[in-house]
Amino acid sequence: MKYLTTPAINAKLIKLILQKNLKHCLAIFFAAIALTSCKKDHNESPSTAILTVNNVSYQWGELAINKKYVSDSIKYNSAWKIDSIISYDENGQITNRIGFTYSGSEISLNSPVKDKYTLDSEGRVIMHTIEEIQHGTDFIQTQRYSYDPNGYLSKVTMSLNVVGNPETTFSVINYEVKNGNYTKYALSNTADGAITRQYDFSYNTAVKINSPVSLFAPIFSNNTISNIDKYLNYGKNSVNLLSSVNYTMINLDKTTSTGTLTAETSVNSDKYLTQLTLNGATITSFPSDNISPLPRSIKFSFKK
């Protein structure tokens, strides 16, 4: 995957990075769920059946960089924890194989960088660190996650530390939750507090579903190679199906893009989301925050 420099990093840190000849990108993918079917039985409460996601296929949006289509196969160990994730391209060729190692409250990945997740007592991710050496210089990316008293993700703080220098926070994501649903996602630049990306969500409150993965967590494409964050625990998901997503993005040319994405979905008999398609006009401007676009299609398969 190609990485770009994030404009949200403050000028002092950019200067420091450039002095070390580093190229760094934070690309954030955020996925959201979707609209209801008109079937009457969808108004029933979700099943209590516990399913694990087996395979996931993605058709990425028009702004994706070298990543139009990918599928993941999730393998589990004897304790039903994730053992590995194997990613495939559109031709069915393996592109990545990421293994998981568990040690107390930490998960380490067998990736080319030091990639580690720290969990709280409920198994939720509270910190993600990636340590990498580029051009002889060691730097660490850190994301810290906060949850509200009801178990929903409320805040993500993103920072960078070029080893030997103070850690610098460059962006913050804040969430709002109402009636058991995420209603707002806002990414702000800590240098001036400006919001560079915001999603506002509307729901069909009559329809409750189970979510197969952490669709409302920010999913980072740091240097893990494979976007595995969606399969980890980032607290509760929204209880209802989303009917629309209104987005506002500040572009590199200082213009603002706005629009609405509607969604079509399918759920199985256990009320698990099995397919999501986001519909809306093509996004042609390039966002200043370098966040990846929402996927145009996601398909899930499960096993009990």
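The values are calculated or read from the model by the stated rules, or taken from the named source; none is laboratory data. Please read these numbers as outputs of a predicted model, since none were measured by experiment. Because the Cβ atoms are built from the backbone with ideal geometry, glycine has one as well, and the counts that use them run over all protein chains shown.
At-a-glance table
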{"quantity": "Among residues of the stretch 148-176, those that are small (Gly, Ala, Ser), farther than 17 Å from residue 124 by Cα and not in a strand (DSSP E or B), counted", "calculated": "1"}
{"quantity": "For residue 93: the one exception among (1) exposed (fewer than 13 other Cβ atoms within 10 Å of the Cβ); (2) at pLDDT below 90", "calculated": "(2)"}
{"quantity": "Matching strands (runs of 3 or more DSSP E) fully within the stretch 226-304 where at least 2 residues are out of contact with any Gly (no Cβ under 6 Å at 6 or more places or on another chain) and of a type in the set (D, E, K, R)", "calculated": "297-303"}
{"quantity": "Index of the failed condition, residue 261 passing every other in (1) surrounded by fewer than 20 Cβ atoms within 10 Å (Cβ to Cβ); (2) under 29 Å from residue 208 (Cα atoms); (3) out of contact with any Lys or Arg (no Cβ under 7 Å at 6 or more places or on another chain)", "calculated": "(1)"}
{"quantity": "Matching residues, the stretch 105-120, being in a loop (DSSP other than H, G, I, E, B) and at pLDDT below 95", "calculated": "110, 111, 112, 113"}
{"quantity": "Test result for residue 282, more than 28 Å from residue 50 (Cα to Cα), modelled with pLDDT of 90 or more and either surrounded by fewer than 15 Cβ atoms within 10 Å (Cβ to Cβ) or among the small types (Gly, Ala, Ser) (or both)", "calculated": "no"}
{"quantity": "Some residue of the stretch 171-179 being under 17 Å from the mean Cα position of the chain (by Cα), within 17 Å of residue 233 (Cα to Cα), surrounded by fewer than 17 Cβ atoms within 10 Å (Cβ to Cβ) and modelled with pLDDT of 90 or more", "calculated": "no"}
{"quantity": "Residue 126 on the phi < 0 side of the Ramachandran plot and modelled with pLDDT of 95 or more", "calculated": "yes"}
{"quantity": "Residue within the stretch 27-35 that is modelled with pLDDT of 80 or more and among the small types (Gly, Ala, Ser) present", "calculated": "no"}
{"quantity": "Those residues of the stretch 177-196 which are assigned to a strand (DSSP E or B) and within 17 Å of residue 248 (Cβ to Cβ), in sequence order", "calculated": "182, 183, 184, 185, 186, 187, 188, 189, 195, 196"}
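Okay, residues lined up against (1) over 18 Å from residue 234 (Cβ atoms); (2) in contact with a Leu (Cβ under 6 Å, 6 or more places away or on another chain):
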{"residue": "99", "(1), (2)": "yes, no"}
{"residue": "115", "(1), (2)": "no, yes"}
{"residue": "122", "(1), (2)": "no, no"}
{"residue": "127", "(1), (2)": "no, no"}
{"residue": "134", "(1), (2)": "yes, yes"}
{"residue": "146", "(1), (2)": "no, no"}
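One line per residue, one yes/no per condition, for (1) polar (S, T, N, Q); (2) within 22 Å of residue 216 (Cβ to Cβ):
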| position | (1), (2) |
| --- | --- |
| 133 | no, no |
| 138 | no, no |
| 152 | no, yes |
| 165 | yes, no |
| 178 | no, yes |
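Residue-by-condition table, conditions (1) more than 28 Å from residue 185 (Cβ to Cβ); (2) within 19 Å of the chain's Cα centre (by Cα); (3) part of a strand (DSSP E or B):
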{"residue": "87", "(1), (2), (3)": "no, yes, yes"}
{"residue": "90", "(1), (2), (3)": "yes, no, no"}
{"residue": "98", "(1), (2), (3)": "no, yes, yes"}
{"residue": "122", "(1), (2), (3)": "no, no, no"}
{"residue": "126", "(1), (2), (3)": "no, yes, yes"}
{"residue": "131", "(1), (2), (3)": "no, no, yes"}
{"residue": "139", "(1), (2), (3)": "no, no, yes"}
{"residue": "142", "(1), (2), (3)": "no, yes, yes"}
